[in-house]
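Below is one structure; the comments refer to it alone.
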Amino acid sequence: MFKKLTYSLMLAASLLLLSTSMQTLAANNSAEKVSTLATFEKININQASSKQLASIKGIGPQKAQAIIKYRESNGGFSKFEELMKVKGIGKGTLEKIIPFISL
């Protein structure tokens, strides 16, 4: 009986240590992700080249050219919502790209 109790206590202690280790690991991973996001540089849609714009997920070469054409014709963008006037960019695309762009 004493052996069973000892094994049970050892198992409980091991599980507690494992749980604490997992929480520490999860916290470290979260900190790394925040650090990576903090160093990300947004692309200025009023100054970016076609290649830079096309690198934004959801834009591609054709939409990049359309953005530049609109920008040249209208003097640039003063707010993000103006991007929806560009052919091929709707509300869904705009919502996806806003975290990656600046004015």
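Bear in mind these aren't lab numbers, they're just calculated from the coordinates by the rules spelled out. Here the structure is a predicted model, which is why all the values come from computation and not from measurement. For neighbour counting, all protein chains shown are included, and Cβ atoms are generated from backbone atoms with ideal geometry for every residue, glycine included.
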Pairs where the first residue, in the range 86-97, is farther than 17 Å from Ile68 by Cβ and the second is part of a loop (DSSP other than H, G, I, E, B) and not aliphatic (A, V, I, L, M), C-beta under 9 Å, 6+ apart = Gly92/Gly58; Lys96/Lys57; Lys96/Gly58
Those residues that are buried (at least 16 other Cβ atoms within 10 Å of the Cβ) and part of a helix (DSSP H, G or I), I need them from the range 66-77; list them, please.
-> Ala66, Ile67, Ile68, Tyr70, Arg71
